[in-house]
Amino acid sequence: MVNLLRTGVLLAVLTALFMGVGYLIGGSGGMMIALLVAAATNLFTYWNADRLVLSMYGARPITRADAPWLYDIVAGLADRAGIPMPQLYLIDGAQPNAFATGRDPQHAAVAVTNGLLNALDEHEVAGVIAHELSHVIHRDTLTMTITATIAGAISMIANFAFFFGGRSDERNSPLGGIGTVLAAILAPITAMLVQMAISRTREYEADRSGATLSGNPLWLASALRKIEAVAHNTAVPEAERNPATAHLFIVNPLHGASLQNLFATHPSTEERVRRLEAMAASGGGAGLGPAGPWGAHPRGFA
């Protein structure tokens with residue numbers, strides 16, 4: 001509940017920042033334009049974001065015939081969570097990673113990379129899938145997509161103002177040229193910080209609820225260790241070209257960035273693992289047992 005309230009407050013701050021940028025650049029008229037742009041971009045995002053991001057990463061849909069063991073893990077966990085079976089996608093990539101997208105549980109998709117399936121055992125895969133399904137259950141997929149859209153729109157408007165100049169007329173811009181410069185420099189940085197705060201908050205909650213859903217917090221803890229060990233040494237070109245999508249993944253897919261720790265979209269893996277281990281030690285999780293909620297199948301693809 002606290003995390004949900006914090007997320008709502010941060011989203012309100014981001015929306016207010018968007019309108020404030022418009023106000024500094026163009027007064028009340030600019031604020032109204034910013035509000036209309038925010039409404040239009042959020043409407044477009046609501047209906048199209050999942051298809052866009054899946055296409056961006058070249059994800060292809062897979063069925064039970066392609067990978068029975070993986071399909072049954074996803075189906076079993078979705079059934080336990082009381083949500084429809086999401087569409088399952090595979091991304092050709094060496095980095096072990098995964099993400100969920102979709103505006104609600106009825107229109108959800110979970111994408112995993114080849115690298116994830118090769119690096120993890122079935123229990124660890126179940127931990128990752130449970131984490132992603134938790135994002136779906138709590139509508140984090142929609143929240144974070146809208147957050148990224150607003151943050152991107154703030155940067156776009158601020159950059160436009162910086163390069164083309166705001167209107168310095170007192171009637172349009174309360175601070176004139178100063179307001180334009182302040183908006184162009186400070187607004188994108190502030191938007192990025194708010195976006196990252198929302199993302200980190202939702203990751204902790206998805207870890208906790210995902211561990212409960214899978215039945216064993218140590219499955220996800222082990223998976224995070226393995227993913228982290230490989231991720232920063234394995235490039236994902238699509239993520240490097242579109243860093244605004246990095247928050248979608250279970251572990252930050254970007255690597256080699258000098259400011260990565262300062263502008264992190266995810267909590268530290270060490271802290272996430274520590275919390276999961278503490279949860280396991282206190283008896284957290286539903287205790288499904290070592291067999292998990294699926295049947296045994298050969299690994300690989302049909």
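Here's the yes/no breakdown for (1) modelled with pLDDT of 65 or more; (2) hydrophobic (A, V, I, L, M, F, W, C); (3) closer than 30 Å to Gln106 by Cβ:
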{"position": "Thr149", "(1), (2), (3)": "yes, no, yes"}
{"position": "Gly165", "(1), (2), (3)": "no, no, no"}
{"position": "Ser173", "(1), (2), (3)": "no, no, no"}
{"position": "Val230", "(1), (2), (3)": "yes, yes, no"}
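Please identify the pairs in which a residue from the range 125-142 that is under 12 Å from Leu248 (Cα atoms) has its Cβ atom under 7 Å from the Cβ atom of a residue that is of a type in the set (Ser, Thr, Tyr) and buried (at least 24 other Cβ atoms within 10 Å of the Cβ), counting only partners at least 6 apart or on another chain.
His135/Thr141; Thr141/Thr101
Contact list please: Cβ distance under 6 Å, first residue in the range 224-245 and among the hydroxyl-bearing types (Ser, Thr, Tyr), second residue not in a helix (DSSP H, G or I), pairs at least six apart or on different chains.
Thr234/Ala94; Thr234/Gln95
The values are calculated or read from the model by the stated rules, or taken from the named source; none is laboratory data. Owing to the predicted nature of the structure, the values given are computational and were not obtained by experimental measurement. Here Cβ is always computed from backbone atoms with ideal geometry, including for glycine, and neighbour counts include all displayed protein chains.
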